[in-house]
Structure formats: C-alpha cells, structure tokens
Amino acid sequence: VAISVSEDPLIGYYVDVGGEQLWIDVLYATLQHGLAPVSWTDYLYLTVGGTLSNAGISGQTFRYGPQINNVHELDVITGKGDFVTCSSEKNSELYNSVLGGLGQFGVISRARISLAPAPTMVKWMRLIYSDFSAFTKDQERLISMNGVKLNFLEGMVLMQQGSINNWRSSFFPLSHHSRIASLISTHNILYCLDLATYYDHQSDKMVDKEIQVMLQGLAYIPGFHYEKNISYVEFLNRVRSGELKLQSQGLWDVPHPWLNLFIPKSQILDFNSGVFKEIMLKRNITNGIVLVYPMNKNKWDDRMSAITPEEDVFYTVGFLHSGGFDNWKAYDAQNKEILKFCSDVGIRVKQYLPNHNIHEDWKNHFGSKWKSFLERKHEFDPRMILSPGQKIFNNNYYQAF
C-alpha cells in the first residue's frame, strides 16, 4: 500500500509510506485519521525517500528532531540488490546507514513513520530584531524551554534587496511594509523570528495566555510583533503558493545556487559579523531568503549517517537564492566566498545537502564518521553503483581499502 495508517500497542500510530510518495500526500492521507507526522520540511512536494536520505529539517526540528529521527522501520533495496527490512533493532547497521546516507547504501522503498494527533489551527508569529546577539539569545532560550507550547521556530535575515514578503510566505500586512522597509534602511540588516504554536478547538482559549508567557522578556523591537491564525494545512504548505506564483512568472525553473550550512552555536556571532554584515552587505546581491535558526543536537541520533557539528546547539543557515540564468554565477561566487571565510577563520561548518568535488573534502565532511561510512559502503554497495555523481568515493583510494 502506498500510504497506510495503522496502530501498534507498543509504538502507537504510524504510517507506512512508499519511498516515492510526496510529503504533501502523506499529510492529506494521515489527516483523514486526525493524525500527522510531527517533523516536516518547509516544502512538502518532496519524496519521502529523498528527505530521509538527507535528514529532513525545518522549524520543528529543535523539538521533534529531523525526519530521520521519526522513522520506526524501512524497506531498503541495497546496492547488492538485496531487499531488506530494517529498524533500530533489526538490521540496524543498514537502517542507520541509509538514514541521512545521501542515497549511498540503498533505495528506500518503504518507511514507517511515527504519527501524533494532528492540530487544526496555527498561531503564527513574527518578531523583528535589529540586534543579532539578542535574536540568537532569544532563539536559544525558546528552544531550551520545557513545557512551553512552541511547535515551530525559524529565523530569517531581512535586507534591502529582498522583498519584505518573500516567495516562501506572504506574512507582513501591506500597510506595514513601508514601516519595515524604513527600519531596514536604518539598520541595513534585520533579523526576523518566525514562531508557531499549534492548537485545536479544545485548546484555543488557552493559546493566547501560553503565548504571552512564552514571549515575556524577549528582546525584539517594540511594536514589531505580528501574528495571524491559519489552518494547520495552510501553514505546513505555506511555500506552495509562492512556488505557483513564481511558476506563473517563469521564475521557478531557474538555477538555484543554494547553500545550506550547520554552524556551531559558539561561532554563530562570528558568522554574522563575517558573512551577513560583511560579505552579503558588500556584494549586495542577495534577493532570496536567508534562514538562520538553532537546533538541539540531542534530538539527532549520532548512529545515523547525517553529519552535524559537535555542539549541544547548532544553527542551520540556508541561503536560498533564486538566481536567473544570467546571474547565478554571482551567487555561486558568493557561496564560495562564504565557505572560504569559514575555512580561513576556523568556523567548523558542516554542509547540509553537501556538495564537495574533492575526495579530501568529503573525508573532512564526515570527520570521525568517515571510517564507518566507508565500511558501510563496502558492505552494502561494494560495486559503488548508487549515487556515484556525488563523487564521495575516489576509485583509487577505494580500491586500496
């Protein structure tokens, strides 16, 4: 069955999903049972097998972990052609290899994903900051609070070249655009905290009180606090309308020179001053979205193949440029400059959705996990037929192994 919801006395509700299914279809199918997965990507028109081969992250990750942490079981076709059912208890080596394994060990044909009761509504908030240190301090405080009803947290960088309402979501009321624009002119760069609390008709009376408690003491610019109520589906699928709009203008199927990084918490202030305030402001080309938000490492499982920095809290920074056919090289050059800056000043950055051309860079990317990554490749795909385009395995080196 392509998408099938069941209940188990030990693990509760779950959904069995074909690896080829899109997350948007998983959402609609599980909602028919009043249930939904808890961890999502920001864009839902991606395959289950695809996001599980990377990690699957968004604003829920700080609380629920990445999507790979919410999988009970997989069916995998390995590079040897074996069809194997695996989980953390059974054939665990393959299970841990494949989750976050960049498609190097097997093809996911089925995933069993954890479900929880689905909310119906979302209180969506945006707060604007001019001080990066206050912005990150508040983010870190919010993701560490227990018992607070916060389901989603992301952050964005706002600069003059970008539009105030970007393609990923129209949020700020039109009547406030000039007010926000003049604030950007004053500061050159602002930081926007994106928060959401889920609720349903039973809990809607309490939600405002809970949010009041949550927002107490936050250091955003007074008067720059926006909120709206939308349906759960509308919130999770918020990027789709922007995509359709860009498609209608012929601006979707263009080069996307994106760069996604994980930055250790201890180095995020250096990253802000060196990248956001220096490289980006000087080049003055960034008109896409720049995301910046923290995650808790204890919500990740280090036995899996996905790579994260060695700190309890780390940030994801996503440069989601929408380049044209004429200017993508400028974004590419900026991405290279950002990576060079991190290397020069010793910021221990890890790429998410990594793209390395040199074997040595892949070894550095995997770090202490390289040896086991290599052994797992040898075990599950000895002829190296899966995902060779990533150039992770240099043939000469590999044959000498």
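General remarks:
- Over the stretch 67-160, volume per residue of the alpha carbon convex hull, in Å³: 190
- Gain on full stretching of the segment that runs from D131 to D270 - 0.36 nm per residue minus C-alpha separation: 48.7 nm
- Pairwise Cα separations in the stretch 23-132 fall into 10 Å bins from 0 onward with the following percentages, short to long: 14, 42, 28, 12, 4, 0.
- For the chain, the 222 nm mean residue ellipticity estimated from helices alone, with every DSSP H stretch of n ≥ 4 adding -39500 (n - 2.57) and the total spread over all residues, rounds to -8500 deg cm²/dmol.
- Based on Cα atoms of the stretch 194-257, Rg over Rh with Rh as the Kirkwood radius reads 1.13.
- Label point of V254 set 7 angstrom out along Cα-Cβ; within the stretch 301-340, amide nitrogens under 18 Å from it belong to 319-335.
- Taken about its Cα centre, the stretch 125-248 carries a charge dipole of about 200 debye when Lys and Arg each add +1 at the Cβ and Asp and Glu each add -1 at the Cβ.
- Contour excess over end-to-end distance, with Cα ends at A116 and H359 and 0.36 nm allotted per residue: 83.3 nm
- Spin-label model, M145/L246: points 7 Å from Cα along the beta carbon direction are separated by 3.2 nm.
- Options N296, L339, F325, ranked by Cα towards positive dipole end of the stretch 278-401, top entry (Cβ charges): F325
- For the chain, a Gaussian network of Cα nodes joined below 10 Å ranks Q139, Q390, Q32 by mean-square fluctuation, and the top entry is Q32.
- Here the dipole of the stretch 246-401 is about 120 debye; that uses its Cα centre as origin and unit charges on the Cβ of Lys and Arg (positive) and Asp and Glu (negative).
- Taking 7 Å steps out from each Cα toward its Cβ at L281 and K371 produces label points 4.5 nm apart.
- Span-like helix ranges in the chain, DSSP H, alpha carbon extent 24 angstrom or more, Kyte mean at least -1.0: 328-345
- Residues S175 and H33, FRET efficiency given R0 of 45 Å [Cβ-Cβ distance, rounded to 0.05]: 0.65
- Calculated from the structure at hand, Cα extents along the principal axes in Å is found among [x] 130, 57, 50; [y] 69, 44, 40; [z] 60, 52, 42 as [z].
- Label-reachable residues, the stretch 63-97, where backbone N falls under 11 Å from a point 7 Å from I385's Cα toward its Cβ: 78-82
- Label-point separation in nm, H378 to E20, each point 7 Å along Cα→Cβ: 3.5
- Between the stretch 270-307 and the stretch 79-155, the C-alpha centres lie 17 angstrom from each other.
- Proximal lysines to K277, defined as alpha-carbon separation beneath 29 angstrom and excluding residues fewer than eight positions away on the same chain: K137, K265, K297, K329, K336, K340, K350
- Restricting the stretch 54-143 to chymotrypsin sites (Phe, Trp or Tyr not before Pro) in coil, as DSSP defines it, with at most 10 other Cβ within 10 Å: none
- Filtered GluC sites (Glu not before Pro), the stretch 39-148: DSSP coil and at most 10 other beta carbons within 10 Å: E89
- Peptide ranges 377-383, 49-55, 14-20 listed from the most packed, as the mean C-beta count within 10 angstrom indicates: 49-55, 14-20, 377-383
- Whole-Å distance, taken between Cα centres, linking the stretch 191-205 and the stretch 336-394: 38
- Size of charge dipole - the chain - debye, nearest 20, with Cβ of Lys, Arg +1 and Asp, Glu -1, no other charges: 700
Coordinate-derived values only; no laboratory data. Computed from a prediction, not measured in an experiment: that's the story for all the values here. Positions of Cβ are backbone-derived with ideal geometry, glycine not excepted, and every protein chain shown enters the neighbour counts.
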